[in-house]
1. Sort through 107, 117, 98 and tell me the only one that's in a helix (DSSP H, G or I) and surrounded by 14 or more Cβ atoms within 10 Å (Cβ to Cβ).
2. With (1) closer than 21 Å to residue 52 by Cα; (2) in contact with a helix residue (DSSP H, G or I) (Cβ under 8 Å, 6 or more places away or on another chain) as the list, and residue 200 as the residue in question, which single condition is left unmet?
3. Being farther than 30 Å from residue 159 by Cβ, in contact (Cβ under 8 Å) with a residue 24 or more places away in the chain and surrounded by fewer than 17 Cβ atoms within 10 Å (Cβ to Cβ), is that true of even one residue in the range 1-14?
4. Kindly check whether there is at least one residue in the range 153-166 that is part of a helix (DSSP H, G or I), within 14 Å of the chain's Cα centre (by Cα), more than 19 Å from residue 99 (Cα to Cα) and not assigned by TED's automatic domain parsing to the domain that holds residue 51.
5. For the range 65-95, give me the residue count where each residue is in contact with a strand residue (DSSP E or B) (Cβ under 6 Å, 6 or more places away or on another chain) and either assigned to a helix (DSSP H, G or I) or more than 27 Å from residue 36 (Cα to Cα) (or both).
6. Can you find, within the range 38-58, the residue that is nearest to residue 141 (Cα to Cα) among those that are in a loop (DSSP other than H, G, I, E, B) and touching a helix residue (DSSP H, G or I) at 6+ places or on another chain (Cβ under 7 Å)?
7. How about the range 115-140: which of its residues are within 12 Å of the chain's Cα centre (by Cα) and without any contact (Cβ under 8 Å) to a residue 60 or more places away in the chain?
């Protein structure tokens, strides 16, 4: 069974999103910034918002737990757009040639509240045949349910999909469901990997 559909994760694959883009302008010390992101505004905390928990409530919850960091916590979603440096051009330029041969879909852990800030900002999103955003669904990767939502909503066969993500847990989960996968590890060239797989 050949590939008929390319499924992209967004953050880290097509869009350069990283909270460090914001907080490096705030912290004078890199170690203190990393401690803040590891212990206060953690990936797990942001993951709840990616699953649909309201940003305002998540912010208030964390401020109550860490009152000394109240203003820094408020910045996370209050100035969230500063975490987006831009599109990853060497990858987004591949969308057009892929679109000529395959259907293109998105499957991303992203808050519905913040995704609207980037959807109209990047024209390449208009090339997609469909997308599933975790914040709209109330479930995040690597939970199998979000992959099933994608397959069911768009009538896809997992065996005909190549799923690209920069998170190994997410590609492993997709592989267990029968997807072809491409784990975009740090330093891996997406174009070269697609050529190696015979997709480009």
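The values are calculated or read from the model by the stated rules, or taken from the named source; none is laboratory data. It should be emphasised that the depicted structure is a prediction, and the values quoted were computed from it without experimental measurement. Note: ideal-geometry Cβ built from the backbone for every residue, glycine included; neighbour counts use all protein chains shown.
1. Only one candidate qualifies: 98.
2. Single failed check for residue 200: (1).
3. Among the residues of the range 1-14, not one is farther than 30 Å from residue 159 by Cβ, in contact (Cβ under 8 Å) with a residue 24 or more places away in the chain and surrounded by fewer than 17 Cβ atoms within 10 Å (Cβ to Cβ), which makes the answer no.
4. no
5. Result for the range 65-95: 1.
6. 51
7. Of everything in the range 115-140, those that are within 12 Å of the chain's Cα centre (by Cα) and without any contact (Cβ under 8 Å) to a residue 60 or more places away in the chain turn out to be 115, 131, 132, 133.
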